[in-house]
Amino acid sequence: MKLKCPICGSNKTTRKLVGVDHSFSKESFSVFDCNNCGVSFSFPEISEKILSKYYPKEKYQSYKVSVGSPFDMIYKFVRFINSFNKYRLLKNLIKGDVLDYGSGSGFFAGFLRKKNITVYEYEPINSNKNKWRLTKESLKKKKKVFSVITLWHVLEHINDPEKELGFIKSLLKKDSHIVVAMPNKDSYDNIYYNKYWAGYDLPRHRYHFSPKSFSFLCNKVGLKIKRILPMYYDSYYVSVLSEKNKKSMFSFIKGLYIGFVSNLNAIKSKNYSSLIYVLENE
């Protein structure tokens with residue numbers, strides 16, 4: 001089966017794997033590779049009408065507020081550490097208002113506001129309201145307003161990332177930055193787990209980027225990758241979830257081990273499980 005690549009338009013695509021929505025629906029989805037630009041993409045596409053089926057708000061990790069299982073507690077502890085590391089990255093970039101695009105539960109935006117930073121939020125699925133939440137319509141009125149726009153594991157969820165990045169770029173002030181974090185399909189943990197890799201998160205993740213394929217997309221939009229940074233904890237989190245997908249015994253211990261091996265491999269290859277891209281206008 002051949003499909004046209006949604007990013008570069010090439011017909012040189014091949015089906016890489018058939019995976020399962022391990023988290024909720026248990027339905028099967030395909031992942032295709034583009035042999036031209038290098039991106040991978042999920043098929044079939046999820047329409048807006050059925051989107052909520054795959055994002056149950058009471059269960060989807062990014063939307064949870066309360067702490068339930070021991071895994072939730074570990075997730076929230078690591079989330080706090082990650083938030084501090086993200087703040088250290090952003091503090092020298094921030095020269096005005098910030099937009100957290102795809103803010104989920106709003107935890108990170110709230111973390112930054114405690115540092116006396118003005119942070120607005122946009123979240124199309126989780127409709128929790130506060131005075132900082134913006135709609136897509138209200139965002140359209142904020143052209144050239146923000147000094148930094150962050151997308152923490154968001155862009156891979158979007159059906160048309162080229163169009164979305166172009167829109168986000170229009171919201172930036174001059175000499176400002178977009179910060180994007182995503183799973184890295186070239187990581188060791190993806191190669192090891194293949195169709196069980198939690199970084200695919202089918203069907204919610206629509207695209208699966210490597211540094212090369214994301215650079216191709218950025219060039220199309222007129223953005224330049226200024227820096228690429230690792231997210232060290234993601235390899236452990238993703239590997240534990242991947243072991244759960246495999247229904248492994250001792251999934252937590254095995255996942256921690258593979259996460260460690262993945263980070264060890266990435267010291268040389270730089271292909272960490274998840275990467276942060278700091279983008280600027282060309």
Open item on the list: Could you give the length gained by full extension between K212 and D175, i.e. 0.36 nm per residue of separation minus their alpha carbon distance, to one decimal place?
Closed with: 10.9 nm
Task: Whole-Hz ³J(HN,Hα) from phi, Karplus 6.51 cos²θ - 1.76 cosθ + 1.60, for the stretch 155-165, glycine and proline x - done: 4, 5, 8, 9, 5, 10, x, 5, 5, 5, 5
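Counting Lys and Arg as +1 and Asp and Glu as -1, what is the net charge of the other residues whose Cβ lies under 14 Å from the Cβ of K246? Working shown, then result.
On the way: positive: K195, K244, K247, K254; negative: D189, E243.
Counting the neighbours of K246, the net charge comes to +2.
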Open item on the list: Could you tell me the calculated FRET efficiency between K142 and F77, based on Cβ-Cβ distance and R0 = 41 angstrom, to the nearest 0.05?
Closed with: 0.75
TODO: Given the options L171, L51, L90, state which has the largest fluctuation in a GNM of the chain using a 10 Å cut-off (strictly under) for Cα springs.
DONE: L51
Open item on the list: Helix-only mean residue ellipticity at 222 nm, the chain, DSSP H runs n ≥ 4 weighted -39,500 (n - 2.57), per residue, nearest 500. What is it?
Closed with: -9500 deg cm²/dmol
Open item on the list: Check the chain for me: any Cys whose beta-carbon has no other cysteine beta-carbon within less than 4.7 Å?
Closed with: C218
Open item on the list: Let me check I've understood the local charge: for K12, count other residues with C-beta under 14 angstrom from its C-beta, Lys and Arg +1, Asp and Glu -1. What total comes out?
Closed with: +3
Open item on the list: Over the Cα atoms of the stretch 149-282, what radius of gyration and what Dmax do you get, in Å?
Closed with: 15.4, 52
TODO: Would you mind working out the magnitude of the charge dipole of the chain relative to its Cα centre, with +1 at each Lys and Arg C-beta and -1 at each Asp and Glu C-beta, to the nearest 20 Debye?
DONE: 580 debye
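Compute the relative contact order of the chain as a whole-number percentage, counting only Cα pairs closer than 8 Å that sit 6 or more residues apart in sequence.
Values: 516 pairs, mean separation 49.5, N = 282.
Over the chain, the number comes to 18 percent.
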- [ ] With label points built 7 Å along Cα→Cβ from the Cα atoms of I225 and M1, find their separation and express it in nm.
- [x] 2.9 nm
Task: Backbone HN-Hα couplings from phi across the stretch 35-50 [Karplus 6.51/-1.76/1.60, Hz, Gly and Pro as x] - done: 7, 9, 8, x, 6, 10, 9, 8, 9, x, 5, 8, 7, 4, 5, 10
- [ ] Please label the shape of the stretch 4-54 as rounded, prolate or oblate, based on the square roots a ≥ b ≥ c of the eigenvalues of the alpha-carbon gyration tensor (a/c under 1.5 means rounded; beyond that, a/b larger than b/c means prolate, else oblate).
- [x] oblate
- [ ] Describe numerically, in nm with one decimal, the distance between label points set 7 Å from Cα along Cα→Cβ at R15 and at I50.
- [x] 1.7 nm
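Computed from the coordinates by the stated procedures, all read-outs in this text should not be read as laboratory data. Just so you know, these numbers come straight off a predicted model, no measurement behind them. Virtual Cβ from ideal backbone geometry, glycine too; neighbours counted across all protein chains shown.
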